[in-house]
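None of the figures in this text is laboratory data; all of them are computed from the coordinates on show. Here the structure is a predicted model, which means the values were calculated and not measured. Here the Cβ positions follow ideal geometry from the backbone for every residue, glycine too, while neighbour counts run over all protein chains shown.
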Amino acid sequence: MKPLPKEFDVIEIEKRWQRKWEEMGVYRFDWEDKTRTIFSIDTPPPYPSGEFHMGNVLNWTYFDMVARYKRMRGSNVYFPQGWDCHGLGIEVQVEREHNLRKRDMPPDKFRKLCEELVEKYIAMAKEGVIRLGCSVDWTTEYRTMNPDYWRRTQLSFIILYNKGFMYQGTHPVNWCPRCETAIADAEVDYEEHEGTLHYIQFPLENSNEHLLIATTRPEFIPACVAVAVNPSDDRFNKYIGRKIIVPIVNRAVEIISDENVDPSFGTGVVMICTYGDKEDVKTVIKHNLPVIMILTENGKINENGGKYAGSTVDEAKEAIVRDLKAAGLLEKTERVQQEIGVCDRCEAPIEILERKQWFMKTRILTDKLEKTANEVVWYPDYMKIRLIDWARSLDWDWVISRQRVFGTPIPIWYCKDCGEVILAKEKWVPIDPKLEKPRIDKCPKCGSREFIPERDVFDTWMDSSISCAVHAGWPDREDWRRLFPADLHPSGIDIIRTWAYYLMVRHLALFDEKPYKSCLINGMVLGSDGRKMSKSLKNYVAAPEVLDKYGTDAARQWAASGGATGSDIPFRWPDVEYGRRFLTKLWNAARFVSTQLKDYDAGGKYELQLLDKWILTKAEKLTQKVTDALEKCQFNIAIEDLRNFTWHIFCDQYIEAVKDRLYKPELYGEEIKNAVQDTLYTVLYRIIQLLAPITPHITEEIYQTMYAEDMRQKSLQLAPWPKLDLGKIDEEAEKKGELVMAVITEIRREKAEKRKPLNTPIKRVKIYGGKSEFARIISENKEDIVGTCKISQLEILSAKGNGRHVQEIPEISFISEY
Ligand SMILES: [Zn+2]
Ligand SMILES: [Zn+2]
């Protein structure tokens, strides 16, 4: 066996193996293999944002550990990687970087700029994934912005349209006036803002009385269509059915009764506008009220706003407040804290607009979704509630059209004369209706030969929410159902409402089947101050900084050990440093073993001693615990047990206790030395096997130098996972070994406290066993104690003594003389 070198360069080792694994094709999925079990991972195609952050390190490490573990368990692992390209985020970036708006240039030119930016971002993300040592099968790489992917998105739309899931309708939608597009509920963030509550007099018709209305949005007064009070509110219910004058526009509207009005909020009288907020939408639908839209798509007041037309929302608010004051209708104002919805891509406050949009019927799937979510195995289990609660909270169907450029085109035309919807045929896709006409002669309804293309594009989630089927090979491979549903869908806690949800509704609608069998959730990365890591909080650490400084295997240990799966994980430099120190400890131990095994004869006779049986038993029990933990995605338990065993039991205890036997075969005999060599060989191999999914690089380096020749696997990553060997479990040896180790540890501890080097000889030690059974075990194994602690004269008594007590077994004590 070759000895490991003394020095080792973590970064060099990692880069070398990343390159070699790729050359060796270690991660290739074998489509032809019909014997091994398939394990398919639905890698969420990330939305490249131009950085690889610690959150990415956390979630990729999670699913890479699963992939590597399953590969060693003998599965044919499918670990694909795509990139989710389209979307508002990229468009907003392009607009900022080039200081322009999408409407300033032709759409195809704008799209080109988006594609260029995405490619730049993908390169950065890809480098991050590779540097993290992720065992991705790169032959599967895809981009959702490529026409070949459009084909899949468009095809899925056509199928769902024909199944009745897609419809076009004029409904209120969340609207970002800055991005000038509809957005889905999932794309709205909520922020706390300070606003002003205005108390405004609304005169009753044909009366001198007025009602007082408190509102934070007086600019919506021109869009007021009713005033509502609670029927049980005795102050106001007498007015129900009467007319009231909307100030500024002097229009009479009805006072309606609505039990959703909270009498204790504001004045208890509410103006209903189209649309000040989502509550307005509900009330308008419920009471079948008219709609007066006063906003344009870029957030200005339109002609329905009368003299305020053309001004921005903020300008209109100011002017209306001024006019109310002048008319003596503004009674008072108050500062209030309010929650407002903002666009999650550009942070502009959103409005609610009515515009013709495409929708997918998602709410009719909610019951089925709940049932299916309960069939999926969640890591951790309580996360499924988040999905179910989100689905239940949705008021509206999913708006899937976007008034943007950088998205998959909606494969639809409209007849110019009769408005008939012309849906692309399945074999026409991919197609961009803006560039191509429908492949029919005339409108099937009216015979017209002129068509207008749909200019809207799909929400980017329409691309990525079919990933489980696409990864499996749908629609091109006949055998795609071999990989469907995916065995594992990994996701972040923050995207359950998008990724996990949209995947579920799309696949349920398309195939009437769940898309994934299990869902692995990672929490958020917190800064060292305990708050969510973010650049604005100045607690942000970039992933390349961590990987450059301590290497990937150290960073992966941080991800694995930070906390239970699904919980938020704080980033702390000392955790990564600890991971790095562990690698040094492991390397030094392996190097020691490799130098001690130079003359190791694997076929030689050996006689296992108590401590050999003790560590072998412990190694088997560790195998059982780590295997259980990895099966349940409890990465923190696996890594903690492994580090404890390696560092404290294998290195600090076993290796120290057997050095004497290794160094003095003439004293103990060759068979006893052989036993130590064989045990070192076996236990170290077990350690690197169990660590291989978590710290793949250093374990591969040790494997290739020390074991590859014997084990004959081209990579440790392809070596079989250790099978539990119950024959090696010797409970009695473990118990006795524990006792002997406790005595040795205590004597060494005393040496350390006396600040003496550990190899300092001790003239005499008297051990009081406390009871005869303990004394007998100590006597049987006294060579190990004498040899390890360098004791010249050892006396063992079964009596109780009053020396230094052994921490782990206080009945035993000893007195030493230096
Ligand atoms: Zn926006
Ligand atoms: Zn027609």
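Points to keep in mind about this one:
- The radius of gyration of the Cα set in region 416-464, together with its Dmax, comes out at 12.1, 37 angstrom.
- Here is the list for region 1-51: chymotrypsin sites (Phe, Trp or Tyr not before Pro) lying in DSSP coil, each with at most 14 other C-beta atoms within 10 angstrom of its C-beta, are W31.
- Close amide H contacts of G82 (hydrogens built in the peptide plane, cut-off under 5 Å, sequence separation of 5 or more or a different chain): Y142.
- Residues whose placed amide H lies under 5 Å from that of R251, excluding near-sequence neighbours: V246
- Checking the Cα-Cα distances for K300/K442; K109/K416; K2/K126; K34/K361 against a 29 Å cut-off, the pairs over it are K300/K442; K2/K126; K34/K361.
- Over region 536-670, the hull volume per residue, using the convex hull of the C-alpha atoms, is 131 Å³.
- The equivalent ellipsoid of region 322-421 has semi-axes of 37, 29, 14 Å, largest first, where each one is the square root of 5 times an eigenvalue of the Cα gyration tensor.
- For q = 0.20, 0.23 Å⁻¹, Debye-computed log10 I/I(0) when each Cα of region 176-240 counts as one equal scatterer: -1.00, -1.14
- For the chain, the relative contact order comes to 14 percent (Cα pairs under 8 Å, sequence separation of at least 6).
- Potential lengthening between E773 and E23 on full extension [0.36 nm per residue; Cα-Cα distance subtracted]: 264.1 nm
- Once the Cα-Cα distance is subtracted from the 0.36 nm per residue extended length, the N99 to E731 segment shows a gain of 220.3 nm.
- Cα point-scatterer Debye curve for region 594-704, base-10 log of I(q)/I(0) at q = 0.14 Å⁻¹: -0.59
- Over 20 Å [Cα-Cα, region 469-606], rounded percent: 65 percent
- Residues whose amide H lies under 5 Å from that of G803, counting only those 5 or more places away or on a different chain, are F814; hydrogens are built 1.01 Å from N in the peptide plane.
- Each of Q704 and R16 was given a label point 7 Å from its Cα along the Cα-to-Cβ line. The distance between the two points is 0.6 nm.
- FRET E, pair M124, Q713, Förster distance 22 Å, beta-carbon r, rounded to 0.05: 0.05
- Counting other Cβ atoms within 10 Å as a rough exposure proxy, the listed residues D417, D456 run D417, D456 from fewest neighbours to most.
- Between the residues Q81, H193, N374, the greatest Cα displacement towards the positive end of the dipole of the chain, with unit charges on the Cβ of Lys, Arg, Asp and Glu, is found for Q81.
- Rounded to 0.05, the FRET efficiency of the R242 and K356 pair, given R0 = 30 Å and the Cβ-Cβ distance, is 0.25.
- Under Karplus coefficients 6.51, -1.76 and 1.60, residue-wise ³J(HN,Hα) of region 415-424 in Hz, glycine/proline x: 5, 5, 8, 10, x, 3, 7, 9, 8, 4
- One decimal place: the segment S393-S49 gains 120.9 nm when fully extended, by the rule 0.36 nm per residue minus the C-alpha distance.
- Shown here for region 407-452: GluC sites (Glu not before Pro) in loop regions (DSSP other than H, G, I, E, B) with at most 16 other Cβ atoms within 10 Å, namely E420, E436, E450.
- Per-selection Rg to Rh, region 405-499 - Cα, Kirkwood hydrodynamic radius: 1.11
- Residue-wise HN-Hα coupling along region 766-783, computed from phi with Karplus coefficients 6.51, -1.76, 1.60 (Hz; x: Gly, Pro): 10, 9, 9, x, x, 9, 5, 4, 5, 4, 5, 4, 5, 4, 4, 10, 5, 4
- Once Rg and the Kirkwood radius are both taken over the C-alpha atoms of region 280-346, their ratio Rg/Rh works out to 1.02.
- Average Cα contact separation per residue, region 586-715, under 8 Å, 6 or more apart, as relative contact order %: 35 percent
- Where the Cα pairs of the chain fall when distances are cut into 20 Å bins, in %: 13, 35, 27, 16, 8, 1
- Set K70/K632; K70/K549; K766/K790; K598/K664; K664/K790; K673/K751 screened for pairs whose C-alpha atoms are more than 18 Å apart: K70/K549; K673/K751
- With q set to 0.09, 0.10, 0.15 Å⁻¹, the log10 of I(q)/I(0) for region 65-203, from the Debye formula over equal scatterers at the Cα positions, is -0.50, -0.60, -1.08.
- Unit charges on C-beta of K, R, D, E only; dipole of the chain, Debye: 1120 debye
- For region 328-339, Karplus couplings with θ = phi - 60° (6.51, -1.76, 1.60), whole Hz, Gly/Pro x: x, 9, 8, 7, 6, 10, 9, 7, 9, 8, 9, 9
- Here the label points at E656 and K756, each 7 Å from Cα along the C-beta direction, are separated by 1.4 nm in the simple model.
- Projected area averaged over orientations for region 662-717, convex hull of C-alpha atoms, nm²: 4.2 nm²
- Pairwise FRET efficiency - D33 versus N374, Cβ, R0 = 25 Å, nearest 0.05: 0.15
- Hypothetical label at E141: residues of region 536-560 whose amide nitrogen lies under 12 Å (7 Å Cα-Cβ projection): none
- With N the number of residues in region 90-163, Rg(Cα) / (2.2 N^0.38 Å) evaluates to 1.43.
- Residue (of L611, V626, W573) at the positive-pole extreme of region 563-658, dipole from beta-carbon charges: W573
- Each principal axis of region 1-90 carries a Cα extent, and these read 57, 39, 21 Å when sorted largest first.
- Shown for M383, M145: other C-beta atoms within 10 Å of each C-beta, ranked fewest to most, produce the order M383, M145.
- Proximal aspartates and glutamates relative to K714, as straight alpha-carbon distance under 16 Å, when same-chain residues fewer than 8 apart are discounted: E22, E23, E700, E701
- Highest mean packing first, where packing is the average number of other Cβ atoms within 10 Å per residue, the peptides 74-85, 187-198, 276-287, 459-470 line up as 459-470, 74-85, 276-287, 187-198.
- Cα→Cβ-extended label distance, 7 Å offset, between I809 and D9, nm: 4.9 nm
- Rounded D (µm²/s) - region 207-256, Kirkwood Rh over Cα pairs, Stokes-Einstein at 37 °C, 0.692 mPa s: 282 µm²/s
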